[in-house]
Amino acid sequence: MSEPLVLVQTHGRVAVLTLNRPKALNALSNEVVAELAQAIRGFEADPNISVIVLTGNEKAFAAGADIGAMSQWNFSDVYNADYLGGDWQYLRDVRKPLIAAVAGYALGGGCELAMLCDMIIAAENARFGQPEIKLGIIPGYGGTQRLPRAIGKAKAMDLVLTARMISAQEADQMGLVSRVVPTEQLMEKTMEVAQTIASMSLPSVMMAKESINRAYESGLSEGLMFERRNFHALFSTEDQKEGMAAFVEKRQPDFKHK
Ligand code: CAA
């Protein structure tokens, strides 16, 4: 039997998915993305999991979509198959928090996959970039949309039009990543963040994610209303009662994630 393209582990309420195509620097073939989406679908439905971590290896998070496969395709191949739709687009609809733990290259679709996640924890050796222009194409998995929202038009134009790679430190200064950590501590530090989030009430975590993402999709008034309705809705949860009771009683909350 062939090796899985995505390795799956769980640690308490955290699932860790490791891209496992090291010889091709974790290039994102449709098969890799299908396995990723299948694993995430399972964890979305699993009430025992609150947070999903995506990672690669020390050399590459993912060096982009699979250029070998793409080199054979013409317009009708990609259009008829709606390439980068389907499983690829499913990942943006995941409701539980996704954390990208990025070491090494996160290029093209790899950078876009990381940006689709809710947080990026970058190792000091991480390199980010959108080099599609060198292939005669453009980013096709959100790069021209998420990058300017994350780092602004001037920086996004620089990266997309010149194909320049940036270091973890530069990505941090631009606001692309949440934290930069020593390379050898990437998973340890990421798991600390993931376990912290996983210890919170899952409905409030998901509503916080949904509300922050709404900031990208709406005007301020609509976003504020959306936030307020989610805030109201959380008063119907057992965990809101528990969280506030624990504060009043000066103890740690024991969330039921309901
Ligand atoms: N697709 C397919 N194979 C890839 C790949 C990719 N995106 N990136 C690397 N590989 C393969 C290489 O072909 C090579 O395979 P072989 O050993 O069989 O020759 C192997 O991974 C190792 O790569 P290199 O020998 O090139 O390693 P390097 O250390 O010299 O260079 C690199 C590393 C700078 C990342 C270089 O591999 C590179 O430039 N990769 C392509 C990056 C890129 O252009 N990504 C964008 C893809 S397009 C896209 O993602 C579209 C979209 O928007 C969704």
message: Scan region 191-203 and tell me whether some residue there is loosely packed, with under 14 Cβ neighbours inside 10 Å and either within 28 Å of K153 (Cβ to Cβ) or touching a Cys at 6+ places or on another chain (Cβ under 9 Å) (or both).
response: no
message: Filter region 135-170 down to the residues that are in contact (Cβ under 8 Å) with a residue 24 or more places away in the chain, open to solvent by less than 70 Å² (accessible area, probe 1.4 Å), within 16 Å of the ligand (Cβ to nearest atom) and aliphatic (A, V, I, L, M) and list them by number.
response: L147, A150, L159, V160, A163, I166, A168
task: Name every residue in region 116-134 that is open to solvent by less than 50 Å² (accessible area, probe 1.4 Å) and not small (G, A, S), in order of residue number.
output: L116, C117, M119, I120, I121, F128, Q130, P131, E132
message: Can you list residue pairs whose Cβ atoms sit under 7 Å apart, with the first residue in region 1-15 being under 20 Å from L28 (Cβ atoms) and free of Cβ contacts under 8 Å to residues at least 60 places away in the same chain and the second being assigned to a loop (DSSP other than H, G, I, E, B) and open to solvent by less than 50 Å² (accessible area, probe 1.4 Å)? Count only pairs 6 or more apart in sequence or on different chains.
response: E3/N20; P4/N20; L5/N20; V6/N20; L7/N20; A15/I49
statement: Restricted to region 14-50 and to residues being open to solvent by less than 10 Å² (accessible area, probe 1.4 Å), within 16 Å of the ligand (Cβ to nearest atom) and in a helix (DSSP H, G or I), the residue farthest from F61 (Cα to Cα) is A37
- prompt: Can you spot a residue in region 216-235 that is under 17 Å from the mean Cα position of the chain (by Cα), assigned to a helix (DSSP H, G or I) and small (G, A, S)?
  reply: no
message: Restricting to region 64-76, count the residues that are open to solvent by 30 Å² or more (accessible area, probe 1.4 Å), near the ligand (Cβ under 8 Å from one of its atoms) and assigned to a loop (DSSP other than H, G, I, E, B).
response: 0
field: Count of region 77-108 residues which are among the charged types (D, E, K, R), under 16 Å from the mean Cα position of the chain (by Cα) and open to solvent by 40 Å² or more (accessible area, probe 1.4 Å)
entry: 4
query: Looking at region 63-71, is at least one residue touching a Lys or Arg at 6+ places or on another chain (Cβ under 8 Å), of a type outside the set (F, W, Y) and on the phi < 0 side of the Ramachandran plot?
result: no
message: Just the residues that are charged (D, E, K, R) and closer than 15 Å to I52 by Cβ, please, taken from region 96-126.
response: K96, D118
- request: Would you confirm whether any residue within region 2-10 is part of a strand (DSSP E or B), within 14 Å of the ligand (Cβ to nearest atom) and touching a strand residue (DSSP E or B) at 6+ places or on another chain (Cβ under 8 Å)?
  value: no
query: What about F226, is it farther than 20 Å from I49 by Cβ and open to solvent by 80 Å² or more (accessible area, probe 1.4 Å)?
result: no
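Does K258 count as open to solvent by 90 Å² or more (accessible area, probe 1.4 Å), within 12 Å of S204 (Cα to Cα) and not in a helix (DSSP H, G or I)?
Numbers: open to solvent by 90 Å² or more (accessible area, probe 1.4 Å): yes; within 12 Å of S204 (Cα to Cα): yes; not in a helix (DSSP H, G or I): yes.
Judged against the criteria, K258 is a match.
The values are calculated or read from the model by the stated rules, or taken from the named source; none is laboratory data. In this text, all values refer to a predicted model and were calculated from it rather than measured experimentally. All Cβ positions, glycine included, derive from the backbone under ideal geometry; neighbour counts span all protein chains shown. Quick note on the areas: whole protein, heavy atoms, side chains included, nothing else; ligands and nucleic acids left out. Shrake-Rupley method; radii C 1.70, N 1.55, O 1.52, S 1.80 Å.
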